[in-house]
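**Q** Have a look at this one before I ask anything.
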Amino acid sequence: MINCDLPTEARNPRTYDVDTLPTLEVLRLINDEDATVARAVAAVLPQIAQVVDLAVDSLRGGGRVHYFGAGTSGRLAVLDAAELPPTFGLEGCVVAHHAGGPSALSRAVEGVEDSTELGARDAADVHRGDVAIGIAASGRTPYVVGALRTAARAGAHTALMSCNPRAKFGAEVDVHIGLATGPEVISGSTRMKAGTATKLVLNSFSTTLMIRLGRTYSNLMVSVDALNAKLRTRLVRILIEATGLDARTCEAALAEAGGDTRVALVSLLGGVPAAEAAATLRAAHGGVRDALRRLNGTAERAEGA
């Protein structure tokens, strides 16, 4: 029987004999449980979409997105935030706060997740218009609760990501992403299904956020700068894919753009010099498609003049 108050701590009736099975059967059992995670994520896509839209408005208005978590949840949040700058070229806009700080990333630090005061202290950097997302498998981790309550008092939008759909604290936030992952293969080991669900939601949230902010063009990464020879080669390949032009033309455009792929892309597709492409991108808040629409509108007005 699943404990509805804390589902991730309940015993899983499908894995009672897990310690008696051959190696391959243990792996199959784990895999069968893992296969249920994607369905749990699918059930909360509307809530994830709500948080994405809040975050888009926040970042466009000069705000930031803050993650708060402890243990596995915090580590996954740190990983997600750390991967956004090299993938999408956006620095300092998505910030992860992990209970206990950097030293708690590689080892458990006693007591930090149980401190609402520590959560409140870490949330002191949250401001009106920001979005604060707490990640807690149980839905009641004191560090996360303290952080989100402080963020709400500051005027930020708040969201809770948990694997406890009936978590009481979910009623206090603007959006509760309550994942019904159920009991773990090993009771209470939330690095398993709960951790997998958290990683999927974070991937979906942050990637969709970057897409909505125009940090991609089609399904191509165009917000990466050419910082070394390997990246330059990859970015030329992306420009070829996006424009259908030859490598020499794309290399020249990338050089003229100072290694900025989006500037090169707008320059090539819009038929304008790099300086004009860069200015149009700034006006479009960095979105390639919006910049191209602005250029097309300018061209149409010029033709009608």
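**Q** With the requirement that a residue be small (G, A, S), in contact with a Gly (Cβ under 9 Å, 6 or more places away or on another chain) and on the phi < 0 side of the Ramachandran plot, what does segment 44-62 give you?
**A** Answer for segment 44-62, where residues must be small (G, A, S), in contact with a Gly (Cβ under 9 Å, 6 or more places away or on another chain) and on the phi < 0 side of the Ramachandran plot: A55, S58, G61.
**Q** I'm trying to understand the selection: among the residues of segment 56-71, which are of a type outside the set (K, R) and closer than 29 Å to V109 by Cβ? Before the answer, list the steps.
**A** Quick first cut of segment 56-71, residues of a type outside the set (K, R) only: 56-59, 61-63, 65-71.
Selection gives V65, H66, Y67, F68, G69, A70, G71.
**Q** Would you check which residues across segment 18-40 are touching a helix residue (DSSP H, G or I) at 6+ places or on another chain (Cβ under 9 Å) and either assigned to a loop (DSSP other than H, G, I, E, B) or among the charged types (D, E, K, R) (or both) and list them?
**A** Within segment 18-40, D19, L21, E25, D32, E33, D34, T36 qualify.
**Q** Okay, moving on. Based on this model, can you work out whether S223 counts as assigned to a loop (DSSP other than H, G, I, E, B), surrounded by fewer than 19 Cβ atoms within 10 Å (Cβ to Cβ) and modelled with pLDDT under 95?
**A** no
**Q** Tell me, which residue of segment 62-113 that is among the acidic types (D, E) and surrounded by 13 or more Cβ atoms within 10 Å (Cβ to Cβ) is farthest from R215 (Cα to Cα)?
**A** E113
**Q** Quick one: is K199 touching a residue at least 24 places away in the same chain (Cβ under 8 Å), in contact with a Cys (Cβ under 9 Å, 6 or more places away or on another chain), at negative phi and basic (K, R)? Can you show your working first?
**A** Details: touching a residue at least 24 places away in the same chain (Cβ under 8 Å): yes; in contact with a Cys (Cβ under 9 Å, 6 or more places away or on another chain): no; at negative phi: yes; basic (K, R): yes.
No.
**Q** Take segment 140-161 and flag every residue that is surrounded by 24 or more Cβ atoms within 10 Å (Cβ to Cβ), hydrophobic (A, V, I, L, M, F, W, C) and part of a loop (DSSP other than H, G, I, E, B).
**A** The answer is A156, and nothing else.
**Q** Given the options A132, A137, name the one that is within 18 Å of the chain's Cα centre (by Cα), touching a residue at least 24 places away in the same chain (Cβ under 8 Å) and assigned to a loop (DSSP other than H, G, I, E, B).
**A** Exactly one residue qualifies, and that residue is A137.
The values are calculated or read from the model by the stated rules, or taken from the named source; none is laboratory data. Being a predicted model, the structure only gives us computed values, none of them experimental. As a convention, Cβ positions derive from the backbone with ideal geometry for all residues, glycine included, and neighbour counts pool all protein chains shown.
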